[in-house]
Amino acid sequence: MAQRPNLLVLLALVLAALVALPVLSVLANLFVGGSSDTWAHLASTVLAGYVGNTLWLFAGVGAGVAVVGVATAWLTTMHEFPGRRQFEWALVLPMAMPAYVLAYVYTDLLQFVGPVQGWLRDTFGWKRGDYWFPEIRSAGGAVAMFVFVLYPYVYLLARTAFLERAGGMLEAARTLGSGPWASFFRVSLPLARPAIVAGMSLALMETLADYGTVSYFAVPTFTTGIYRAWFSLGDRVAAAQLAAALLGFVVLLLALERTTRGRARFHNTTGRNRPQHGLHLTGWRGAAAFLVCAAPLVAGFVLPALLLVRLALGEPDAAAAVPIGARFARLAGNSLLLASVTALTGVLLALLLAYAARMAKGAGPAALNRLVSLGYAVPGSVIAVGVLIPVTRLDNWLALQWQAWFGANPGLLITGGIAALVYAYLVRLLAVALQTVQASLAKITPSMDDAARSLGHGQTLTLWRVHVPLLRGSLFTALLLVFVDVMKELPATLVMRPFNLDTLATQTYTLASDERLAEAALPALAIVAVGLLPLIVLSRQIARSRRGQRP
């Protein structure tokens, strides 16, 4: 009995080491020589562009998601206007639309041969050079795509902060003579600042991890550089060193988020957390609030979804080229298989890690869980490079041993297989399942464990008969979140996938890269449809959370 907690702690230590191994292997290549020519070439030609574009994406996306997320959260929580109740849950729907899918559909809409510019030329008789039109395939276009799909991170966290902390203090501010704008900037915004910064950090991590959007828009960043160094230049050390530089941006982002959060503390001492009455907006103010909330929803979900349907149904030649038959079924099957295996494995590992931390007496397992959670902050391309390096070395060692024992070289046994790809997914996404399970496990009182032990149940039996039934809803939520993230994951899949194995995400990227946007619409729609599943659950929870809070 006394050794079982040690076994759980040992298991948590092994899992944490496996999750940390890819990141450590990337950092180890900072001290590896042999690629000085490649690195010197990159430093003299493209490295400055990588840094500049990454900083530009940082600034543009950070400011954009903050403005859109805070504005929509403030309007839907603290005001009454036509459509508010619908916007309150619908504003999270753009999360179902991957940024690279948004890039494809807006390129088809806004490019020179697209319907918008074609209509302008037909209507006004213009020709090329007679008018100016913003270039969608640019760094600014990439910023817009990311803002449209990532602002819900700030919206959700800011909305929660406004609901939980703003009401009582706003009432006190009004009694001191502060108007609506003064109350917002002096009371509500400082209270919500930690939540806003956290949402911005999540959005910026997703921006750093993206490959499909910046690659399609031809915006050179560290992510595209890693892919080119690995596949075009064939230099894994240079790719790993670029990955380490990108990892430095992630570490800097996490440090800034923690520093900002740690400098100040904001507490609500009024005891009244719910907003008493929403400010009714009528006339042009109500119309303006409606437009402010409708614009990001239409731009990030409604219009792209309609464009995808138009592309999928309006091009008979494209539909014939990609029949909804064996090819599509194989793509969907591969995606479903990878997502299912990763989700089931991830939830099981998250349950074991969370339970080990609960049962351990010291702080070691909890610290290891925080280390595991860092995987979500690491871009998929970095993880892919970090996984390939040690796995390839292990494969080479196994091949040499096999040849020594049996006289034949079996080749690579693990690299290029599904197991290595699932491993990369788990390193990246285990944190999603772990955070979900830990949050719910913390709500179960320790007296439940004491009661189970008094009935003669050991730790394993207690977990199976007591905790698992109580965690059923959270386990399902974690399963769903990991499943959807794997369906959308592109950078790690492109680098790690076995030969002749395509998924919906890789097929969408390949077709769009070949400018076959109509053919890419069908797999893109399938990805969006799967992404809607957890958002439907989340939207229902948002709708229920406000029932009875407004008169």
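The values are calculated or read from the model by the stated rules, or taken from the named source; none is laboratory data. A quick note: this is a predicted structure, and the numbers were derived from the prediction, not measured. Ligands, DNA and RNA are stripped out before the accessible areas are found, and what is left, the full protein with its side chains, is counted by its heavy atoms. Shrake-Rupley method; radii C 1.70, N 1.55, O 1.52, S 1.80 Å.
At-a-glance table
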quantity	calculated
Cα centroid of the stretch 296-313 to Cα centroid of the stretch 99-167, whole Å	12
Area accessible to solvent at Trp39, 1.4 Å probe radius, in Å²	80
Accessible area (Å², 1.4 Å probe, nearest 10) - Arg497	70
The stretch 14-151, accessible surface, carbon-and-sulfur percent (1.4 angstrom probe)	69
Rg to Rh quotient for the stretch 56-171, alpha carbon positions, Kirkwood Rh	1.11
Sequence of Trp397, Trp405 when ordered by accessible area, the most exposed leading, probe 1.4 angstrom	Trp405, Trp397
Ranking by accessible area, most exposed first, for His41, His79 with a 1.4 Å probe	His41, His79
